[in-house]
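The values are calculated or read from the model by the stated rules, or taken from the named source; none is laboratory data. Just so it is clear, the structure is predicted and the values come from calculations on it, not from any experiment. Glycine also receives a Cβ, built like all others from the backbone with ideal geometry; neighbour counts cover every protein chain displayed.
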Amino acid sequence: MERIAFSEYGLAAMSHRPGVLDWPDVMPPLVKYALTYLFVQAEFGLCCPLSMTDSLIRTLRKFGSSALIKRYMPALTTQDFDELWRGAMFMTEQGTGSDVSATSVRAEPRADGSYRLHGDKWFCSNPDADLAMVLARIDGAPSGMSGISLFLLPRRYESGIDNRYRIIRLKEKLGTRSMASGEIRFEGATAYLIGQPGRGFNMMADIINNSRLSNGMRAAGLMRRATTDVLFVARHRQAFGKRLIDLPLMQRQLVKLLMPTEQARTMVLQTAEALRRAE
Ligand SMILES: Cc1cc2nc3c(=O)[nH]c(=O)nc-3n(C[C@H](O)[C@H](O)[C@H](O)COP(=O)(O)OP(=O)(O)OC[C@H]3O[C@@H](n4cnc5c(N)ncnc54)[C@H](O)[C@@H]3O)c2cc1C
């Protein structure tokens, strides 16, 4: 695919940040979501890791230090699948779902500027990701939302040794079973602060908002896939000497499906374009 200069697509505001310009080409949201709209019609489960990685990159570029951007962007953006690193977000705890202000995972400061994480996360999709954005409370930080910070957690140290956390178990889910979700326990895992301390939820909300659009797009894509299957049957099945698609009542039924399918697609792509303008 032709690569596109990012200044043309509204991300120029990031260009004052050292390190960011080393990855000056991005795909505009409209193209990205259009491609995912097509992809999800063939394979649903992979779209979660895809969206999580995309969202992690976006937040890292926006708020991460230039040292972290330089260290991790090559692996996150490589097109060599054996070398590619995937992203995740570890936010939810057993006692903390919608109300993130009760986050209890601790971040213990270390002399070298990094942190050690302690505690449990309860619902982590793509739990074996190579990098995760994690919400935690720095020791001594105030209670409530203003005490929550964002951290970048590598699965392995640069030496290749595993970081100190474990997947305790995988979730028994009703849906998206082809993509694992799990519970995670931090046992002094090394992590790096992203952005300002105490602004963790604001930055995580950026990831969540990006995921919302991705989820909407996936739903729109599945509607299209279902409609395509219906159209295939209607074009090929014969009844009363005619193809189903030529029967007036069937046509009325198909329009009832096609209309919301097209509306959903239009809404998602319009929102993607609004995202580009908002940037
Ligand atoms: C498939 C799947 C994948 C997930 N992946 C991840 C992941 O990768 N990383 C991660 O961190 N988390 C993940 N989660 C967890 C998800 O973020 C939480 O489920 C979500 O934040 C809601 O929390 P909860 O389940 O504890 O519900 P609760 O917050 O306990 O809510 C229970 C019910 O109360 C309602 N409710 C809550 N607050 C209000 C309010 N103020 N007013 C009215 N109603 C309210 C909710 O809508 C809900 O119906 C995933 C969940 C699912 C289902």
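Condition first: among the acidic types (D, E) and farther than 17 Å from R225 by Cα. Now tell me which residues in segment 242-279 satisfy that. Residues satisfying the conditions are D246, E273, E279. Restricting segment 109-159 to residues that are closer than 21 Å to S211 by Cα and polar (S, T, N, Q), the residue that is nearest to the ligand (Cβ to nearest atom) is S125. Among the residues here, R185 does not qualify as surrounded by fewer than 19 Cβ atoms within 10 Å (Cβ to Cβ), touching a strand residue (DSSP E or B) at 6+ places or on another chain (Cβ under 9 Å), within 20 Å of Y72 (Cα to Cα) and at pLDDT 95 or above.
Taking the criterion of being among the hydrophobic types (A, V, I, L, M, F, W, C), within 12 Å of the ligand (Cβ to nearest atom) and in contact (Cβ under 8 Å) with a residue 12 or more places away in the chain, the residues of segment 76-108 that qualify are A88, M89, F90, M91, V100, V105. Total residues in segment 167-187 satisfying the condition of being part of a strand (DSSP E or B), among the basic types (K, R) and either closer than 15 Å to M89 by Cα or near the ligand (Cβ under 10 Å from one of its atoms) (or both): the figure is 1.
Would you confirm, using the coordinates I've provided, whether R137 is crowded, with 21+ Cβ neighbours inside 10 Å and basic (K, R)? Criteria met by R137. When S211, S149 are screened for being at pLDDT below 95 and either touching a strand residue (DSSP E or B) at 6+ places or on another chain (Cβ under 9 Å) or surrounded by 20 or more Cβ atoms within 10 Å (Cβ to Cβ) (or both), only S211 passes. Cβ-Cβ distances below 7 Å connect the following pairs, each with a first residue in segment 183-208 that is farther than 17 Å from S65 by Cβ, a second residue that is buried (at least 19 other Cβ atoms within 10 Å of the Cβ) and among the aromatic types (F, W, Y), and a separation of six or more residues or different chains: I184/F90; I184/Y165; R185/Y165; F186/Y165; E187/Y165; A189/Y165.
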